[in-house]
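The values are calculated or read from the model by the stated rules, or taken from the named source; none is laboratory data. Keep in mind the model is a prediction, meaning the values are calculated, not measured. Quick reminder, even Gly has a Cβ in these numbers, built from the backbone with ideal geometry, and neighbours come from all protein chains shown.
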Amino acid sequence: MKKTVLLLMLLYLYGFLPVVLAADTNYPPATVEMPLQRLGEHVYYVQGKAGIATDNEGFISNAAAIITSEGVVVVDALGTPSLAKKFIEQLGTVTDKPVIKVLVTHYHADHIYGLQVFKALGAEIIAPAGYSEYLDMPIGQQRLAERRVSLAPWVNETTRLVKPDRVLDRNTVMTVGDVVLEIDYLGTAHSDGDLSVLVKNDAVLISGDIIFEGRVPFTGSANTAHWLEVLEKLDKTGLKALLPGHGPAANEPAKAVKLTLNYLQAVRAAMQHGVDEMLTFDEAYEQADWSAFQDLPAFDATHRRNAYGVFLSLEEETLQ
C-alpha cells in the first residue's frame, strides 16, 4: 500500500498522474468482441470486421503485438482509444510485459486514434516519413472532427492526434530483446507514408494497408502506381504467415497479396482506358466490368470513390 501511495505521489509531482488517470477514466468501454489470436511464437493479433470506418464501434482494422523478452511491440493502434485500451487488456491475458514501442504502419484514422493510450503508458511511437501529410494538414483535424460525431462516444473531445517520437525514412533492422524486426519503409503507396514489419524469428509479415483481405481496398488519395510496384516486388519467400491491415491473417501469403494486386490492376486499367479514350469518369466507370469485386464487403461504400480518385490521378499522370 505504501509503495502504491509513493508511486502516485511521484506521478503527481512529475506531472504524469492526470494522463494516467485519463487513460483509465475517459474512455467509454468498447463492447465489440475482440478475441486475441496467435500467429507465431511471438506474434498475437486482433482482427477488425470488414466494413466502413464507422462500423463495429470503429473496429475495422487489425493490430498486432510482438512479445519480446524486453517488452511488447505493438503494430498499429486501432481506431479509437477505447479499442486500444481493450487490446491492452487482451494482451494482459498472455503477458505481463509492458508495451514499450508502437510501430504505426501509416497514419490513417482507423490505425492511429488509439495511440494516446499507448503514449500514456510510456511507449515510444515510431512512424514512417510522410505521416505529417496527414497529421499536420487540415485532413487530420477534419477527420477527427467528423469521427467525434460518427464514432461518438468512442471518439470524443478527449481523443487527440499523437505525433511519433521517431520517424523512419529507410529500411531499418530493429532488435528488441530476443526478437529481430525488419521494418521496410515503402514510401508513398496506400498512404503518404507506409511501412511493413517482418518478424524474423517467426517469419510473419505485418503488412499494414498495402494489403487488404476479404474486402475492397481503400485507395483514397493513394499513389496506386507505386502501390502496385510495392506489391509486385514484395518478397513472399520463406514467409509462414501474413497479417494484412484489414481482413484475416493468411498462412499462404502469396494468395493474400492477390486480391489487392488484382483490384488495383483492374481499377487502373479501366480508368486508363477512359483517360486514353477521353471519356468522362461516368462513362469510363459504367463501361468497366466490376463483377469480380462487387460482392466484396465495402464495395458499395468505397469502390466508386476509389475509381474516381484513380481516374483523376491518371489524368494528372498523363499531363506530366
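Taking the conditions (1) in a loop (DSSP other than H, G, I, E, B); (2) on the phi < 0 side of the Ramachandran plot; (3) more than 15 Å from the chain's Cα centre (by Cα) in turn, Gly122 satisfies each one other than (2). In segment 214-232, the residue that is surrounded by the most Cβ atoms within 10 Å (Cβ to Cβ) out of those that are within 13 Å of Val310 (Cβ to Cβ) and among the small types (Gly, Ala, Ser) is Ala222.
Residue-by-condition table, conditions (1) at pLDDT below 95; (2) of a type in the set (D, E, K, R):
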| site | (1), (2) |
| --- | --- |
| Gly208 | no, no |
| Val230 | no, no |
| Leu243 | no, no |
| Ala250 | yes, no |
| Gln272 | no, no |
| Glu315 | yes, yes |
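Taking the criterion of being touching a residue at least 60 places away in the same chain (Cβ under 8 Å), touching a Leu at 6+ places or on another chain (Cβ under 7 Å), of a type outside the set (S, T, N, Q) and under 21 Å from Leu144 (Cα atoms), the only residue of segment 58-74 that qualifies is Gly58. Of the strands (runs of 3 or more DSSP E) lying entirely inside segment 131-230, those containing at least 1 residues that are among the β-branched types (Val, Ile, Thr), within 30 Å of Ala269 (Cβ to Cβ) and touching a residue at least 40 places away in the same chain (Cβ under 8 Å) are 204-212. Those residues that are in a strand (DSSP E or B) and of a type in the set (S, T, N, Q), I need them from segment 38-74; list them, please. Of everything in segment 38-74, nothing turns out to be in a strand (DSSP E or B) and of a type in the set (S, T, N, Q). Step by step: first the residues of segment 177-197, then only those that are crowded, with 18+ Cβ neighbours inside 10 Å and of a type in the set (A, V, I, L, M), then the one that is nearest to Glu41 (Cα to Cα). Which residue is that? Once the filter is applied, the top-ranked residue is Val179. Scanning segment 249-258 for residues that are within 20 Å of Asn56 (Cα to Cα) and exposed (fewer than 13 other Cβ atoms within 10 Å of the Cβ) returns no hits. Scanning segment 198-213 for residues that are under 14 Å from the mean Cα position of the chain (by Cα) and within 15 Å of Thr237 (Cα to Cα), which turns out surrounded by the most Cβ atoms within 10 Å (Cβ to Cβ)? Taking the candidates together, the pick is Ser207. Scanning segment 233-248 for residues that are under 21 Å from the mean Cα position of the chain (by Cα) and either crowded, with 22+ Cβ neighbours inside 10 Å or of a type in the set (Val, Ile, Thr) (or both) yields a total of 6. Whenever a residue of segment 78-94 is free of Cβ contacts under 8 Å to residues at least 40 places away in the same chain and at negative phi, its partners that are surrounded by 22 or more Cβ atoms within 10 Å (Cβ to Cβ) and of a type outside the set (D, E, K, R), lying with C-beta atoms within less than 6 angstrom and at least six residues away or across chains, give the pairs Ala84/Ala77; Ala84/Leu78; Ala84/Gly114; Ala84/Val117. Tallying residues that are surrounded by fewer than 24 Cβ atoms within 10 Å (Cβ to Cβ), farther than 15 Å from Glu70 by Cα and not β-branched (Val, Ile, Thr) within segment 112-129 yields 5.
Of the listed requirements (1) in a loop (DSSP other than H, G, I, E, B); (2) closer than 22 Å to Ile183 by Cα, Thr95 misses just one: (2).
Scanning segment 269-313 for residues that are of a type in the set (Ser, Thr, Tyr) and either surrounded by fewer than 12 Cβ atoms within 10 Å (Cβ to Cβ) or in a loop (DSSP other than H, G, I, E, B) (or both) turns up Thr280, Ser291.
Just so you know, in segment 239-283 the residues that are basic (Lys, Arg) and out of contact with any Ser or Thr (no Cβ under 7 Å at 6 or more places or on another chain) include one that is nearest to Ala307 (Cα to Cα), and it is Lys258.
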